[in-house]
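Engineer: Sending over a structure as structure tokens; questions will come in a sec.
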Amino acid sequence: MSKAPSLTAPDRFAGVIPSAGSSSRMGEPKGLLELDGRTFLSRTVSALVEGGCDPVFVVVAVDEKELAAEAARAGAVVVENLAPGEGPITSLRLVLTLLDSTVAGLAYLPVDHPMVRPETVSTLLQTARTKNALLTIPMIGDKRGHPALFSASLFSELSDLSLEGGARTVVHRHLEKATQLQVEDPGILVDVDTPEAYRALNNTLGSNSEGAR
């Protein structure tokens, strides 16, 4: 496990990208899939880093050396999850144990959302800080997307071992108090979880590239 940098700024938001799952539906590690020559890990780490999260953690299973190397190349702090079988919440909890008490919150971005724009993350962070928001969620119309930003005041709930349903349960508990921010970024809704979804996104990007010529 890499040592986390010291967190001192009171408005600092860390970022976490859980990538320790088995990727059973995809059939191969999603973090290493490529779009336009960039891996999902490179894209998601860049979205958080360039959007203003510091540091950004990528959580991988202990035997995923290639994922760990790619995350490190992208500029993330690599954390190894010894028991990822219970789902992404275990990865998030590992990161929570590394955060200094001065951190203001955490941006949670699944690795299978590779199309989120850095400027969207920046806008979410600015909104969360300005409003001192408990929970900040990007929206397009009535659809919620990623990343979700959790205030530090929610860390104890996320760390609760009796929590069922993971981070999603915490989101639903606090939806009435959440800051739901309308954004112009379709990437917040792009969930690439199956080979079919991956092929469709590649086809869409290819069509857009051809049309721009």
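The values are calculated or read from the model by the stated rules, or taken from the named source; none is laboratory data. This is a predicted model, so every value here is computed, not measured. In this analysis, Cβ positions are derived from the backbone assuming ideal geometry, glycine residues included, and neighbour counts consider all displayed protein chains. What goes into the accessible areas is simple: the full protein's heavy atoms, side chains included, and nothing from ligands, DNA or RNA. Shrake-Rupley method; radii C 1.70, N 1.55, O 1.52, S 1.80 Å.
Quick grid of which residues meet (1) over 22 Å from Asp191 (Cβ atoms); (2) under 16 Å from the mean Cα position of the chain (by Cα); (3) free of Cβ contacts under 8 Å to residues at least 24 places away in the same chain; (4) not in a loop (DSSP other than H, G, I, E, B):
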site	(1), (2), (3), (4)
Val59	no, yes, no, yes
Asp63	yes, no, yes, no
Leu67	no, yes, no, yes
Val103	yes, no, no, no
His113	no, yes, no, no
Val116	no, yes, no, no
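Engineer: Hey, can you tell me all the residues within the range 152-183 that are in a helix (DSSP H, G or I), surrounded by 14 or more Cβ atoms within 10 Å (Cβ to Cβ) and polar (S, T, N, Q)?
Structural biologist: Once the filter is applied, which keeps residues that are in a helix (DSSP H, G or I), surrounded by 14 or more Cβ atoms within 10 Å (Cβ to Cβ) and polar (S, T, N, Q), the range 152-183 yields only Thr169.
Engineer: Can you work out which of the residues in the range 69-88 that are modelled with pLDDT of 95 or more and assigned to a helix (DSSP H, G or I) is most open to solvent (accessible area, probe 1.4 Å)?
Structural biologist: Arg73
Engineer: Across the range 13-37, what is the number of residues that are assigned to a strand (DSSP E or B), in contact (Cβ under 8 Å) with a residue 40 or more places away in the chain and not β-branched (Val, Ile, Thr)?
Structural biologist: 6
Engineer: Starting from residues that are in contact (Cβ under 8 Å) with a residue 40 or more places away in the chain, part of a helix (DSSP H, G or I) and open to solvent by less than 20 Å² (accessible area, probe 1.4 Å), keep the ones in the range 41-57 and report whichever is nearest to His113 (Cα to Cα).
Structural biologist: Per the stated criteria, the residue is Thr44.
Engineer: While we're on this one: Quick check on Pro138: is it at pLDDT 95 or above and either within 20 Å of Leu189 (Cα to Cα) or under 16 Å from the mean Cα position of the chain (by Cα) (or both)?
Structural biologist: yes
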